Each structure stands twice: as C-alpha cells, then as structure tokens.
Amino acid sequence: MDERTFGRSQQHASVIGLGTWQLGADWGDVDDKEALAVLEAAAESGVTFFDTADVYGDGRSEQTIAAFLSGRPDLHVLVATKMGRRVDQIPENYVLDNFRAWNDRSRRNLGVDRIDLVQLHCPPTPVYSSDEVFDALDTLVEEERIAHYGVSVETCEEALTAIARPGVASVQIILNAFRMKPLLEVLPAAREAGVGIIARVPLASGLLSGKYTRDTVFPENDHRAYNRHGEAFDVGETFSGVDYATGVEAAAEFSALAPDGYTPAQLALRWIVEQPGVTTVIPGARSPEQARANAAAAKLPPLSEETLAAIRDLYDRRIKDQVENRW
C-alpha cells in the first residue's frame, strides 16, 4: 500500500490506516480474539498506521495493540494514541504534570518507552491557543517520552489554530463525503505548513456503508444508540452530526454512485484518499473482513470526475446545511 509522509515529522503512514475505537468500546462488544484478528488482517493488507486513545475501553485498545505488536516484531507500524479525555474537560487540566501521568499510563499500555505520535484528544477550544500547553508538549518530546505530537479537533477553526503551531505534526479531523468543510481551508493550510492530516469518521459512523435503514437498532453500548443528540460527547462524532433519518436517505443515494468493483464503503474511503492534503484515513473495523475490504480501497482505480461531481452535489443538496455552520 502507498505511504504518505507527515511533513514536519517525516513519519510515514499507509494511506489507509486503522482506527481502533471499535476494539476498545462504544461500538458494541468485540472480544479479544476478534480484535487481534482485525489487527492481523489490517497489517497483512499493508496498513502501517494504527490510531488509538487512552480512553478507548479505558486502555483496552492500547493494550490490544501492544499484545499484537509484541508477537509481530517484523512489522513496522506507526502507533498514534490520544490523551486528555479521562478528566473533566476544562483547560486547567491540560498541564504538564497531567500530561506526564497520562503519558506514563499510555506507555505502559503500549509497552514502549517512547510513543510515536501523541495527540490531544479534542480538548476544550481554549487549549489550542495556550502557549503553556504546547510548551508542555515540547517538554514531552525533550524528555523522549514521545517522538512527535498532534491534535484531534472537532472544528475547522480549531484545526487552523493548531496548524499555526510550529511543533504540531498532525491534525486529526472528521472528513468524509458528509463532512466536506475541511476541504475549504484546513487541508490547504496543512499542505502549506507540512502538517499531516488524519481523516477520521470516514464512513460517518457506518452510514456511508449503506448498510443501515431507519429501522436499524444499535446495541445500548454503541454510541450510535446513546449519543445521537450529543448526550455523551460531541454529536459530530456520531453519524458526523447528520440527523439519522436524513443520513440514511442520503446514504442510499451515495451507495448508488459506487462504480463497478466498489462497495459504498470503499467509495467513501477512496473519495478521502483522493483529497489533496490527506495523509491517512482511519476507518475502524469490527471484523477481519472489514479490515481487508477497507485496505483494498487504496488500490482501486481513481474516481471519475462525474462521480466526484455527483458526490459533491449530494452533499450540497442533502447535508451541507446541517453541518457546515457547526464544525
């Protein structure tokens, strides 16, 4: 699989990575054996970038990655984790002492002395403008606890603020066919600054797979059941903030645009891969079959101008007014 470079850090990542929120929590139950099988299938398919967080299953996702990689010393995988969501979301908690404590825990979970990439995990907006926060992150680099750092953001404005920071190696942001606003300013600014873009929620929480209907029932421990209106965290993380009924209808229209040889999910991933400035896209997977199918999107033929225009038209007609004023 092709790899791309995070410009400032010169780290490399496969164009399609693996998001491992599903392997920790909030997407229904995935047992340890199946989780390891997902990681194996992704690695065998050429994936060299795993994204996790200390809060996914309260460390379970990090520990699962560590268990897998300990048995595969032949693999060279860039592992990115996130920190900051295990405490009250107030700027005062984003200080060096806490960073060190959170980092100690993640290094233990991952079984490493130094973490490849650590990202602030969608912190309160004022954090992005705090010199003290980024000084603290620089200290973690100086102490060789982390190789590089980045941020995971909710809004385009947060992304632009972070890109202006000279030490930020990457910005993780929601980008998909139902969330196109980052194309306007964020991706061009990141390209200019040499900041990597990690595209998350690429399937709009599964909507763009075309598998769901208005009658689909999600498990109680799945955020697609309990966070549809932002009850637990930012609603933009669930179905990209799109009303579910609208999303299902638009997803059916999106599925019909898939060229021969593409699944709807692969169309969604391929669309992201082709956006200038994207370094890697991180779909999750609950089964080895999903992991392999996601990775296969990297080798599909480029999308035609007609398909790209049709995707844009669908977004403009059905989705844009719901999301662009919020994120």
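The sole residue among Gln275, Gln266 that is in a loop (DSSP other than H, G, I, E, B), more than 25 Å from Asn221 (Cα to Cα), at pLDDT 95 or above and polar (S, T, N, Q) is Gln275. Residues of the range 181-199 include at least one that is assigned to a loop (DSSP other than H, G, I, E, B), closer than 22 Å to Gly17 by Cα and out of contact with any Leu (no Cβ under 6 Å at 6 or more places or on another chain). For the range 272-327, the tally of residues that are open to solvent by 20 Å² or more (accessible area, probe 1.4 Å), of a type in the set (A, V, I, L, M) and under 20 Å from Ala159 (Cα atoms) stands at 0. With respect to the conditions (1) outside any helix (DSSP H, G or I); (2) aromatic (Phe, Trp, Tyr); (3) more than 15 Å from the chain's Cα centre (by Cα), Trp102 lacks only one, and its number is (1). Set side by side, the residues Ala252, Ala310, Ala293 differ, and just one is under 18 Å from the mean Cα position of the chain (by Cα) and either assigned to a helix (DSSP H, G or I) or modelled with pLDDT under 95 (or both), which is Ala293. For the range 41-71, the candidate set comprises residues that are over 21 Å from Val15 (Cα atoms) and part of a loop (DSSP other than H, G, I, E, B); within that set, the residue that is farthest from the chain's Cα centre (by Cα) is Gly71. Evaluating Tyr212 against the criteria (1) open to solvent by 20 Å² or more (accessible area, probe 1.4 Å); (2) without any contact (Cβ under 8 Å) to a residue 24 or more places away in the chain; (3) not basic (Lys, Arg) leaves one unmet condition, (2).
State whether the residues of the range 71-80 include one that is open to solvent by less than 70 Å² (accessible area, probe 1.4 Å) and basic (Lys, Arg). Yes, the range 71-80 contains a residue that is open to solvent by less than 70 Å² (accessible area, probe 1.4 Å) and basic (Lys, Arg). Of the residues making up the range 215-232, those that are free of Cβ contacts under 8 Å to residues at least 60 places away in the same chain, open to solvent by 50 Å² or more (accessible area, probe 1.4 Å) and not acidic (Asp, Glu) are Val217, Tyr226, Arg228, His229, Ala232. So for the range 21-37 (the condition being small (Gly, Ala, Ser), within 23 Å of Asp222 (Cα to Cα) and assigned to a strand (DSSP E or B)), does at least one residue qualify? No, the conditions are met nowhere in the range 21-37.
The condition of being in contact with a Gly (Cβ under 8 Å, 6 or more places away or on another chain), farther than 21 Å from Leu120 by Cα and among the aliphatic types (A, V, I, L, M) holds for only one of Val15, Val47, that being Val47. Every listed requirement among (1) without any contact (Cβ under 8 Å) to a residue 40 or more places away in the chain; (2) not in a helix (DSSP H, G or I); (3) not hydrophobic (A, V, I, L, M, F, W, C) is met by Arg4 save one, (1). Look at (1) in a loop (DSSP other than H, G, I, E, B); (2) within 24 Å of Ile65 (Cα to Cα); (3) of a type outside the set (A, V, I, L, M) and you find that Gln89 fails only one, number (2).
The values are calculated or read from the model by the stated rules, or taken from the named source; none is laboratory data. On a predicted model such as this, the values are computed, not experimentally measured, just so you know. FYI the Cβ positions are ideal-geometry reconstructions off the backbone, even for glycines, and counts take in every protein chain you see. Each accessible area value is taken on the protein alone, full model and side chains, heavy atoms only, with ligands, DNA and RNA left out. Shrake-Rupley method; radii C 1.70, N 1.55, O 1.52, S 1.80 Å.
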